[in-house]
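Asks: I'd like to ask you about the structure that follows.
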Amino acid sequence: CEISATFFGKAVDAFYPNLRQGQVYSFTRGHIKQGNPRWDRTEHVLTFEESASIEALEDTGEMPGVTYDFKPLCMVSEMDANSQVDVQAIVYQVNDPYTFTSKNSNREMSKREIGLWDNSGPEGSSCSTLTLWGERALNDSFELHAPIFLKGARVTEWNNQ
């Protein structure tokens, strides 16, 4: 069983720096709501504000690991915009992050593009671009030629691609 959680407002600043991938946590004082199929991969989603409580727990091995439903990169271009996909690929290009001012919101934004490759497609090779925004663009690290596993990546269209 999977469920996603979102933090809003000051909760992002309060909790994000302390959460670690692979760690087991107990979450309390959150809200549950019906997931929006356009954005959410799960039937229900949790939301947390700064009044939430998060406690790290010992990993006893009883919690199931992440379950993937991998799709080859050649299928991503056929998927509907805003759908979500699990992908396993090889990092073939790592661009430096950069910051710019959005024309729409006049806010400063950070962006980074990562080139992904797998051996799918009619000629045995497919490529796609992973775009990261905000703190993820600035803080996540990537190694050339290393495998990458993406869970619930959102498919978007840019310039008809």
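Asks: Has the range 64-73 got any residue that is part of a helix (DSSP H, G or I) and at pLDDT 85 or above?
Replies: Within the range 64-73, one or more residues are part of a helix (DSSP H, G or I) and at pLDDT 85 or above.
Asks: Can you name every residue in the range 95-123 that is exposed (fewer than 15 other Cβ atoms within 10 Å of the Cβ), of a type in the set (Val, Ile, Thr) and within 21 Å of the chain's Cα centre (by Cα)?
Replies: Within the range 95-123, Thr99 is the sole residue that qualifies.
Asks: Taking only pairs six or more apart or across chains, which ones have beta-carbon atoms under 7 Å, a first residue in the range 123-141 that is free of Cβ contacts under 8 Å to residues at least 60 places away in the same chain and at positive phi, and a second residue that is surrounded by 12 or more Cβ atoms within 10 Å (Cβ to Cβ) and not charged (D, E, K, R)?
Replies: Gly134/Ser110
Asks: Evaluate the following for Ser141: is it surrounded by 15 or more Cβ atoms within 10 Å (Cβ to Cβ), under 26 Å from Ala5 (Cβ atoms) and of a type in the set (Gly, Ala, Ser)?
Replies: When the stated conditions are applied, Ser141 does not pass them.
Asks: Let me ask something additional. Restricting the search to the range 14-42, which residues are assigned to a helix (DSSP H, G or I) and in contact with a Phe, Trp or Tyr (Cβ under 9 Å, 6 or more places away or on another chain)?
Replies: Ala14, Phe15, Tyr16
Asks: Every residue in the range 95-147 that is closer than 18 Å to Tyr16 by Cβ and either in the same structural domain as Pro17 (by TED's automatic domain parsing) or among the acidic types (Asp, Glu) (or both), please.
Replies: Correct list: Glu135, Asp140.
Asks: Could you please find all residues in the range 43-53 being over 29 Å from Ser141 (Cα atoms) and not in a loop (DSSP other than H, G, I, E, B)?
Replies: His44
Asks: Next up: What is the one condition in (1) without any contact (Cβ under 8 Å) to a residue 60 or more places away in the chain; (2) in a strand (DSSP E or B) that Gln88 does not satisfy?
Replies: Result: Gln88 passes all but (1).
Asks: At pLDDT 90 or above and among the charged types (D, E, K, R): does that describe Asp140?
Replies: Considered against the rule, which asks whether it is at pLDDT 90 or above and among the charged types (D, E, K, R), Asp140 comes out as no.
Asks: Taking the criterion of being within 30 Å of Gly121 (Cβ to Cβ) and either in the same structural domain as Ile90 (by TED's automatic domain parsing) or modelled with pLDDT under 90 (or both), would at least one residue in the range 43-61 satisfy it?
Replies: No.
The values are calculated or read from the model by the stated rules, or taken from the named source; none is laboratory data. Fair warning: this is a prediction, and the values are worked out from it, not measured in the lab. With ideal geometry, Cβ positions are generated from the backbone for all residues, glycine too; neighbour counts draw on all protein chains shown.
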